[in-house]
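> Please find one structure pasted underneath; my questions will follow.
Just so it is clear, none of the values below were taken in a lab; they were calculated from the coordinates. Not measured: the values here are computed from a predicted model. Note that we place each Cβ from the backbone using ideal geometry, even for glycine, and neighbour counts take in every protein chain shown.
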Amino acid sequence: MSYSLIHNGTVIDGNGRSPIPNGAVLIRDNKIEQVGRKSDIRLPNSDVQMIDAQGGHILPGLIDTHVHFIFDGVNFVAAMNTPFSLGYYQAIGPMRRTLDAGITSVRDAGGAD
């Protein structure tokens, strides 16, 4: 079993409860096992990978149901003279920025499958 502890952040659980300052999330084998103040988390006896949130926020991944990865900043005239499949490679940057912003699920509303 592998454990990770995300700590040193404010936990927002998405259930409408008040944020938890000095919060932490214990993850075992990619599943959340405990959430709360770091001082209340019972750590296992085995090795735990410590991930420092650096005073930021710890929250569930967000969902954006209307993105256009293929058409992000596209010059439509140039795009008509470019292979359509190139757009998939050019979408990597916008996809990375989306993940970096905390959005972990999307629905592309046109352009990409």
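> With +1 on each Lys and Arg Cβ and -1 on each Asp and Glu Cβ, how big is the dipole of the chain about its Cα centre, in debye rounded to the nearest 20?
Roughly 240 debye for the chain.
> Which FRET efficiency value, to the nearest 0.05, do you get for residue 30 and residue 65 by plugging their Cβ-Cβ distance into 1/(1 + (r/R0)^6) with R0 = 22 Å?
E(calc), rounded to 0.05, equals 0.35.
> Also: Rounded to the nearest 5, what is the percent of antiparallel bridges among the DSSP beta bridges in region 1-105?
60
> Computed from the coordinates I sent, Rg/Rh (Cα atoms, Kirkwood Rh) equals one of (i) 1.04; (ii) 1.15; (iii) 0.99. Tell me the label.
Evaluating Rg/Rh (Cα atoms, Kirkwood Rh) on these atoms matches (ii).
> Once you have the Cα-Cα distance between residue 105 and residue 84, take 0.36 nm times their residue separation minus that, and quote the gain in nm to one decimal.
Result: 5.2 nm gained on full extension.
> Let me ask something else about it. Sequence-distant or interchain residues sharing an amide H contact under 5 Å with residue 50, placed H: which?
Under 5 Å from the amide H of residue 50 lie the amide H atoms of 5, each far enough along the sequence or on another chain.
> Could you derive backbone 3J(HN,Hα) for region 102-111 from the dihedral phi with the Karplus parameters 6.51, -1.76 and 1.60 (θ = phi - 60°), listing whole Hz in sequence and x where the residue is Gly or Pro?
With the stated coefficients, region 102-111 comes to x, 8, 10, 9, 9, 10, 6, 8, x, x Hz.
> Given the peptides 37-48, 5-16, 76-87, arrange them by the average over their residues of other C-beta atoms within 10 Å, most packed first.
Per-residue Cβ counts within 10 Å, averaged per peptide and sorted highest first, yield 5-16, 37-48, 76-87.
> Rounded to the nearest 500, what is the chain's calculated 222 nm mean residue ellipticity when only DSSP H runs of at least 4 contribute -39500 (n - 2.57) each, over all residues?
One gets -4000 deg cm²/dmol as the mean residue ellipticity at 222 nm.
> Please name whichever of 74, 106, 60 sits farthest to the positive end of the charge dipole of the chain, dipole taken about the Cα centre and charges placed at Cβ: Lys and Arg +1, Asp and Glu -1.
Checked the options; the winner is 60.
> ³J(HN,Hα) across region 43-49 via Karplus (A = 6.51, B = -1.76, C = 1.60, θ = phi - 60°), whole Hz, x for Gly/Pro?
Listing the rounded values in order: 7, x, 6, 7, 4, 10, 6 Hz.
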